[in-house]
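This report refers to the structure that appears directly beneath it.
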Amino acid sequence: MELIHSITELRQFLQTQRAAGKRIALVPTMGNLHAGHIRLVEEARTHGEVVVCTIFVNPMQFGANEDLDAYPRTLQDDMTKLLKAGCDCVFAPSVAEVYPQGLQHQTVVSVPGISARHCGVSRPGHFDGVATVVSKLFNMVEPDTALFGLKDYQQFMVITKMVTDLCMAVQLVGVETQREASGLALSSRNGYLSADEKLRAATLYRVLQQSAEHLRSGSAIAEVEAQAKAKLQGVGFKSDYFTVCHAQTLEPALNTDIDLVILAAAWMGKTRLIDNLRVQLAD
Ligand code: PAF
């Protein structure tokens with residue numbers, strides 16, 4: 001497995017692979033890898049002969065009061081996991097390599113509408129940071145396919161719109177959320193939870209499942225959302241949002257919509273967790 005830090009070296013490596021007729025599959029990450037990321041790498045193997053995993057804690061997607069400095073940097077551990085998972089190339093650039101002119105002078109990719117809702121409200125500028133870095137990574141790697149976890153459902157929809165709007169040639173694949181036995185979605189931020197918080201945090205997925213059931217049995221959306229928020233509060237969550245949306249537009253769902261996603265973000269202590277569940281209603 002190659003470990004590459006510079007864009008020039010990355011391009012040289014990938015040019016040789018492409019010349020040999022190999023397809024490139026990309027898994028963009030911020031490192032601190034868990035089984036959810038490894039699942040992405042495994043899935044990537046089915047889409048390309050060369051799997052590239054990028055590890056870059058992107059400062060542009062963190063707000064001023066967020067955990068950029070505290071975000072765990074675990075390159076050696078990540079490399080061990082990636083080698084075992086069959087990754088071919090780890091690209092771990094420095095901030096200066098990705099943003100040579102600094103963040104102030106960086107061209108920004110901004111995906112309108114969909115970026116402004118949900119996490120975009122609580123984390124202003126977050127999706128501009130994501131869209132900008134992902135488009136830079138696409139230009140550096142020029143992958144045939146790129147894989148993202150669907151735990152970050154809104155992120156996946158933002159990237160999907162960006163790829164469509166900017167006529168990018170990459171094929172996107174969303175991979176199902178990996179969960180602990182308790183139902184808690186795997187996330188690098190779970191490491192911030194105490195044992196007790198982790199136990200209570202598993203309620204988030206149970207509430208999503210119960211809400212899906214209530215929607216299927218015809219409950220009104222507003223009622224489902226209010227009940228869910230009350231349940232989350234009951235186990236100590238501070239709800240950021242819990243919203244039933246149209247699965248493609250992420251606009252608040254109408255009672256006539258049938259392709260839905262429930263998006264949730266909530267604080268457990270100092271840790272902000274997100275999760276979601278797709279719900280298809282019978283027409
Ligand atoms: O989902 C993530 O880990 C990040 O948002 C991504 C897509 C790697 C961009 O920094």
What accessible area per residue, rounded to a whole number of Å², is obtained for the range 68-201 using a probe radius of 1.4 Å? 47 Å²
Against the longest principal axis of the chain, how steep is helix 35-45, in degrees 0 to 90 to the nearest 10, with axes from Cα atoms? 50 degrees
State, to one decimal in nm, how far the label point of ASP259 lies from the label point of THR80, with both points 7 Å from Cα in the Cβ direction. 4.4 nm
How much accessible surface does THR177 have with a 1.4 Å probe, in Å² rounded to 10? 30 Å²
Could you sort ASP196, ASP240, ASP283 by their accessible area in this structure, using a 1.4 Å probe and putting the largest first? ASP283, ASP196, ASP240
Dividing the convex hull volume of the alpha carbon atoms of the range 1-138 by its residue count, what do you get in Å³ per residue? 126 Å³
Quick one: what does P(r) look like for the range 152-202 with 5 Å bins over all Cα pairs, in whole %? 4, 17, 20, 15, 12, 12, 9, 7, 3, 0
Rounded to a whole %, the carbon-and-sulfur portion of the accessible area of the range 1-69 at a 1.4 Å probe is 47 percent
How big is D for the chain, in µm² s⁻¹ as a whole number, if Stokes-Einstein is applied with the Kirkwood radius of its Cα pairs at 25 °C and 0.890 mPa s? 124 µm²/s
Degrees, to the nearest 10: 126-141 long Cα axis against longest axis of the chain: 30 degrees
Over the chain, with a Gaussian network built from C-alpha contacts below 10 Å, which listed residue (GLY31, GLY129, GLY269) shows the highest mean-square fluctuation? GLY269
For LEU281 and ARG179, what does the FRET efficiency come to when R0 = 25 Å and r is the distance between their Cβ atoms, rounded to the nearest 0.05? 0.60
Scan around GLY31 for amide H atoms under 5 Å from its own, H built in the peptide plane at 1.01 Å from N, and keep only partners 5 or more places away or cross-chain. PHE56
Calculate for the chain the 222 nm mean residue ellipticity that helices alone would give, adding -39,500 (n - 2.57) per DSSP H run of length 4 or more and normalising by residue count, nearest 500 deg cm²/dmol. -11500 deg cm²/dmol
For GLU2, the residues 5 or more places away or on another chain with a placed amide H closer than 5 Å to its own amide H are CYS89, VAL90
Would you mind checking the tilt of helix 203-216 against the longest principal axis of the Cα atoms of the chain, expressed as 0 to 90 degrees and rounded to 10? 60 degrees
Per residue, how much space in cubic angstrom lies within the convex hull of the C-alpha atoms of the range 217-283? 81 Å³
Give the Rg/Rh ratio for the range 58-116, taking Rg as the radius of gyration of the Cα atoms and Rh as the Kirkwood radius, to two decimals. 1.05
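The values are calculated or read from the model by the stated rules, or taken from the named source; none is laboratory data. Computed from a predicted model, the values in this text were never measured in an experiment. Methodologically, a virtual Cβ is constructed for each residue, glycine included, from the backbone with ideal geometry; neighbour enumeration extends over all protein chains shown. Just so you know, the surface numbers come from the protein's heavy atoms only, side chains and all, with ligands and any DNA or RNA stripped out. Shrake-Rupley method; radii C 1.70, N 1.55, O 1.52, S 1.80 Å.
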